[in-house]
Amino acid sequence: MSGEEPGKHVGPALPGTGEESGSSTEQRGILSSGAVMAAGTVVSRLSGYVRSVLLVAALGSALHADIFNIANTIPNMLYILLAGGVINAVLVPQLVRAMKLDEDGGDAYTNRIITLAGLFLLLVTVLLVIAAPLVMRVLLSSSYDLPELAAQRQSAITFARFCLPQVFFYGMFVLVGQILNARGRFGPMMWAPIANNVISVLVLVSYLVIFGKAQDICANPDLVVADHNQVLGPFSLGQEALLGLGSTLGIAVQFLILVPYLRAAGFRFHPRFDFRGTGLSHTLRLGVWTVLFVIVNQIAYTVVVRLASGGTAGVIGADCAAAGSATGYTVYSSAYLLVMVPHAIVTVSLSTAILPRLSASAADADLPGLAATLSATLRTTLALVLPFALVLPVVAVEISQLVWGYGANAGSSGNFAPSLALFTPGLLFFTVHYLMLRGFYALERTRTVFWIQCAVSATNIALAFAFVRGASAHDTSPALVLAYGGSYLVGATVSYLLLRRVLGGLQTSDTVRFLVRMVLAAGVATAISFALATGLRSWFDGQSRGSSVVIAVLVIGLDGLVFVVLARLLRIQEVSEVVGLVTSRLPAGVTRRLPGRAGRPPSGSRKH
């Protein structure tokens, strides 16, 4: 619950209602709640990128890396397919209602949910471990059926068996985390993944010490494709056990860390098996459409993974240049992970903070309040995501070298740059789509969400097949990235228009005016930064790690400074609020010198 009185307007002020002062206070409250989660996400992401750097440094980004990364992504895919959508999107509104309406504050309902979910996840995990060969057959390209790749295929199956127990721990982690979120404890779920990343880093450091980095077969002609620990080869059983079981241990610890916080939040778990006549049927009915939504989404992702696996597997027998430049799942997923930093830090944090408020507005039939909260959050999110999306392509080459240019991948970091740059339009479209779906979930319009996702997934599959068919091995990942962007352009457009019709408006005129000013400010900042990047590259006359650091820091720093100044001049209130939240935590002397420092809103700016 958000703490507002029943029937009171929840969310940013509506024009002409006289609620502007309360609205600003509430939006600052959303930003503050989001900041707590964002802080945890920032630290988690930073530790996650240490893991990503070590993983590519140890395994490279070719076939050898794809074998492990595809197997290790299966638990997350299957968890999302089997339970993730229901836990993330359906249970939060139901938990809020149970806490608000049940005499025991929702404790009995929560105990039943944990019991039922735990039993379901345990059963499914056991079945998946047994069926690992069938699971891998679905996800791996037909190239893996070649006799030359028999050892690589077996490595992938062994990895899957070691990693699939993560399905249980992923499911329980998100379930317990959402229970804590519903009780106003947002921090633990955002901070717990740090423990997983720390364990993963220790596992990868141990791997490098024991086995060393994967060797480039082109630089070492004595190696053959069947050799362990080379960029096209399979893994030994010891390598598989260390990486696979180490990954599962990290996810298990990530879940177990949350358990003590349940008691601190005033909840005591007691298994309950009296599932009939307790309201779970309503949750499960809502969950049907969400499960269908997730199935459609994961079908599309399965196609993407299978097509991506062919990018690196298809070069077996090719010359060294072709093998070294091939891109597949490792490049695609690593670029996706990096470009989604703003989504993880900003969008997820803010949407998690507002979801109880959206649910409360929906329960009170306060559609204008729901629309106002959601549209204001969309503008605040885009105020942070849009500048990032425009400047990242400018420094994609430098960022790729700094993040992935080490160890086994030292000579292949440039393979990541095209995918990194091309992902940014998709990031913007996905941000809009994601936030609009939060509105549908608060209204329990899960059937509508399903049909929207059908359009998104069908577009993704069609474009992926079309683009990859005409792509070289080097262009496999960029082709899949373009398909991703096209699919979420459809998703953002359809979801926004439908939700606006359902709610009777989404403050579209305010958002359009905001976007015009944002594109002007961020576009000018990016143009200036591009000119600086071009000049610096000419001046350095060659790429090195040192030059990449200088170019990336100066370009991003200049872009941010110019954007904040222009946003201030253009009176973009959403930017001022975010800058104000940041500067409120800085010493007073530093705050006075910042151009975008926000106190009260600039005179003449429109309040939303």
Practice item. Could you check Val224 against (1) surrounded by 19 or more Cβ atoms within 10 Å (Cβ to Cβ); (2) modelled with pLDDT under 80 and say which number it fails? Key: (1)
**Study point:** Number of the condition not met by Ile157 [criteria: (1) at pLDDT below 95; (2) in a helix (DSSP H, G or I)]
**Key:** (1)
Check your understanding: Of Leu536, Leu506, which residue is touching a Ser or Thr at 6+ places or on another chain (Cβ under 8 Å) and outside any helix (DSSP H, G or I)?
Key -> Leu506
Review point. Considering segment 487-511 alone, what residues qualify as being modelled with pLDDT under 95, farther than 18 Å from Arg447 by Cα and out of contact with any Pro (no Cβ under 9 Å at 6 or more places or on another chain)?
Key: Leu506, Thr508, Ser509, Thr511
Point to revise | Among the residues listed as Arg153, Arg183, the single one being under 22 Å from Ser349 (Cβ atoms) and among the charged types (D, E, K, R) | key: Arg183
Practice item. Return the residue satisfying two criteria in turn: it lies in segment 425-445 and is open to solvent by 10 Å² or more (accessible area, probe 1.4 Å) and under 20 Å from Gly369 (Cα atoms), and of such residues it is modelled with the highest pLDDT. Key: Val432
**Study point:** Single residue of segment 119-154 satisfying the filter (outside any helix (DSSP H, G or I), hydrophobic (A, V, I, L, M, F, W, C) and in contact (Cβ under 8 Å) with a residue 60 or more places away in the chain) that is surrounded by the most Cβ atoms within 10 Å (Cβ to Cβ)
**Key:** Leu140
Point to revise | Residue list for segment 450-482, filter: among the hydrophobic types (A, V, I, L, M, F, W, C) and closer than 20 Å to Phe440 by Cα | key: Phe450, Trp451, Ile452, Cys454, Ala455, Val456
Review point. Which one of these does Ala421 not meet: (1) buried (at least 21 other Cβ atoms within 10 Å of the Cβ); (2) over 13 Å from Ser487 (Cβ atoms); (3) touching a residue at least 40 places away in the same chain (Cβ under 8 Å)?
Key: (3)
Revision key, fill the gap. The residue from Val90, Val129 that alone is among the hydrophobic types (A, V, I, L, M, F, W, C), modelled with pLDDT under 90 and under 27 Å from Leu175 (Cα atoms) is Val90
Review point. Applying the selection to segment 527-547, what residues are open to solvent by less than 70 Å² (accessible area, probe 1.4 Å) and hydrophobic (A, V, I, L, M, F, W, C)?
Key: Ala527, Ala531, Leu532, Ala533, Leu536, Phe540
Review point. Failed condition for Gly411, given (1) surrounded by 21 or more Cβ atoms within 10 Å (Cβ to Cβ); (2) at pLDDT below 95, with all others met?
Key: (1)
Review point. So which of Leu284, Leu258, Leu242, Leu280 ends up being open to solvent by 60 Å² or more (accessible area, probe 1.4 Å) and either modelled with pLDDT of 80 or more or out of contact with any Cys (no Cβ under 8 Å at 6 or more places or on another chain) (or both)?
Key: Leu284
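The values are calculated or read from the model by the stated rules, or taken from the named source; none is laboratory data. None of these values were measured; they are calculated from a predicted model. Cβ: placed from backbone, ideal geometry, glycine included. Neighbour counts: every protein chain shown. Protein only, heavy atoms only, side chains kept; ligands, DNA and RNA dropped before computing areas. Shrake-Rupley method; radii C 1.70, N 1.55, O 1.52, S 1.80 Å.
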